[in-house]
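Following: one structure in structure tokens, then a few remarks.
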Amino acid sequence: MIKLKTLAVNLGMIFASLFVGVAIAEVGARIAGLEGLKKMPESTHAEFYPTFHTIPHPVRGWEYRGNVSGWWTSEGKAYLEFNSHGLRGPEITKAKPENTLRIAVLGDSFTSAVQISYQQTFVAVMEKELGKCVDLKSQKVEVINFGVDGYGTAQQLLTLREKVWDFQPDIVLLAFFMGNDVTDNSRKLENNHYRPFFVYENGKLELDLSFRQLTISQANRYMITTVDKLPTWLVNNVRILQIIKKVEADQRKRNAARHFENLQANNFREPPNYAWKEAWKITDELIGIMAKEVQEKGAEFKVATVMTPMQVHPHKGWREGYMKIMNIQDWLYPIKRLQNLGETYNFSVIDLVEPFDDYVAENPVCVHGFKNTAMCAGHWNATGHKLAGEIIAENLCKGLRGVGE
């Protein structure tokens, strides 16, 4: 009996000490202003929620919130402003003004470009440069940014159908990121399943919205943490748990990045297995459908190729070493495939890789990356966006005579 009492006292002292220690750490964290991550509600987009500007969407998985603004500092630094339509850029009417050429740009995080100010984005640069195009005579140019972080071709097609046509564009430009747009379209290859997919049923592509029934743990194995298994009320009221969650989430993001890097190399070779063959087949067909629907509306469809950082790394030795390590066979494989697709569906491809490569050969600078993350990695910085905007505008200007009148 005495031993049991002694054991009970010792255990009580241990738990009391732990409680006091946690309480002191909790107070210290709050005084220091340290913040972590709260527990996300179930059945919502696990990767980009709960950023202030992103909300769930029943068809596309997620979208940008309208009429919000705030700072983005995770990569780069920019004050973000979203208009009433949930688009980056100034307020705009759905009805196209007279004597105006409208260009709708579809894309992912390279297009939405939350890392930099809106005026530095390639979309804004395009608009400015096209304003100088003599072939447009007195026409005004409006370039509208429909890019959303994480979107694949499936979501871009759905955006075209649900949102873009309300703005009566004359040209639809798809900014195709060669790093992950193919895997985004494949349930077998994509980690984040909280998104719509097009899947083959009886040999025909059909929209699958089964993501609506997924929990966070089912949606993305790289985003659920140990802390997420605890009760929501506990996690959202204990700062220490939130900090622990953030540390583990950051580690999982790093693991996901390593997985993505290995996966990404397959974009630059012939599809190595059935999953990749199917992913490319779905991607090709979705782009073909997009081109057909744009042309049926009397608009012009174009694709611009957005490269990965290593494709245009200013140090060619690093590029060559990376190709050898990752067994990359052809940096231009996606471009060649898109160009062949363009011949089939009657659209042109604006190749950004070659002019970017020429630029960094003469000006050995990083067109990707930021000082608060890593240079020559991640998304385009202001230099990359300026270059992309100028190249696309120059290409478009050559064939714009009379369009939109």
Using amide H atoms built in the peptide plane, which far-off residues or other-chain residues are under 5 Å from V68 H to H?
F82
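Sort 300-308, 58-66 by the packing proxy (mean of other Cβ within 10 Å over each peptide's residues), most packed first. Intermediate values should be presented prior to the final figure.
Details: 300-308: 23.7, 58-66: 19.2.
So the peptides 300-308, 58-66, ranked by packing, come out 300-308, 58-66.
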Could I get the Rg over Rh figure for segment 265-306? Both from C-alpha atoms, Rh via Kirkwood, rounded to two places.
1.11
Rank by packing, highest mean first: peptides 104-115, 86-97, with packing defined as the count of other Cβ atoms within 10 Å averaged across residues.
104-115, 86-97
5 Å is the cut-off here: which amide hydrogens, built 1.01 Å from N in the peptide plane, fall below it relative to V141, excluding neighbours closer than 5 in sequence?
L101
In whole Hz and in residue order, list the ³J(HN,Hα) couplings for segment 157-162 that follow from phi through the Karplus curve 6.51 cos²θ - 1.76 cosθ + 1.60, θ = phi - 60°; x for Gly and Pro.
5, 5, 5, 4, 6, 8
For segment 353-384 and segment 96-145, what is the centre-to-centre distance using only Cα atoms, to the nearest Å?
21 Å
Taking placed amide H atoms and a strict 5 Å upper bound, the residues 5 or more places from Y151 or on another chain that come that close are S109
Mean Cα-pair separation over length for segment 169-214, i.e. relative contact order, pairs under 8 Å, 6 or more apart, %
24 percent
Relative to the Cα centre, what is the charge dipole magnitude of segment 150-240, using +1 at the beta carbon of each Lys and Arg, -1 at the beta carbon of each Asp and Glu, and rounding to the nearest 20 debye?
440 debye
Accessible surface of H315 in the full protein assembly, 1.4 angstrom probe, to the nearest 10 Å²?
90 Å²
Treating cross-link reach as a plain straight distance, find the lysines whose alpha-carbon is under 26 Å from the alpha-carbon of K246, omitting any fewer than eight places away in the same chain.
K38, K39, K77, K229, K371
Please enumerate, by chain and number, the aspartates and glutamates with C-alpha under 17 Å from the C-alpha of K302, excluding those fewer than 8 residues away in the same chain.
D108, E127, E142, D170, D181, D284, E285, E293, E343, D351, E390, E394
Along segment 275-290, Karplus-curve 3J(HN,Hα) (6.51, -1.76, 1.60; θ = phi - 60°) to the nearest Hz, with x for Gly and Pro, reads 4, 6, 4, 5, 4, 5, 4, 5, 4, 4, 5, 5, 5, x, 4, 4
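The values are calculated or read from the model by the stated rules, or taken from the named source; none is laboratory data. In this text the structure is predicted, and so the values were computed from the model without any measurement. Note: ideal-geometry Cβ built from the backbone for every residue, glycine included; neighbour counts use all protein chains shown. Accessible surface is based on the protein model in full, side chains and every heavy atom, while ligands, DNA and RNA are left aside. Shrake-Rupley method; radii C 1.70, N 1.55, O 1.52, S 1.80 Å.
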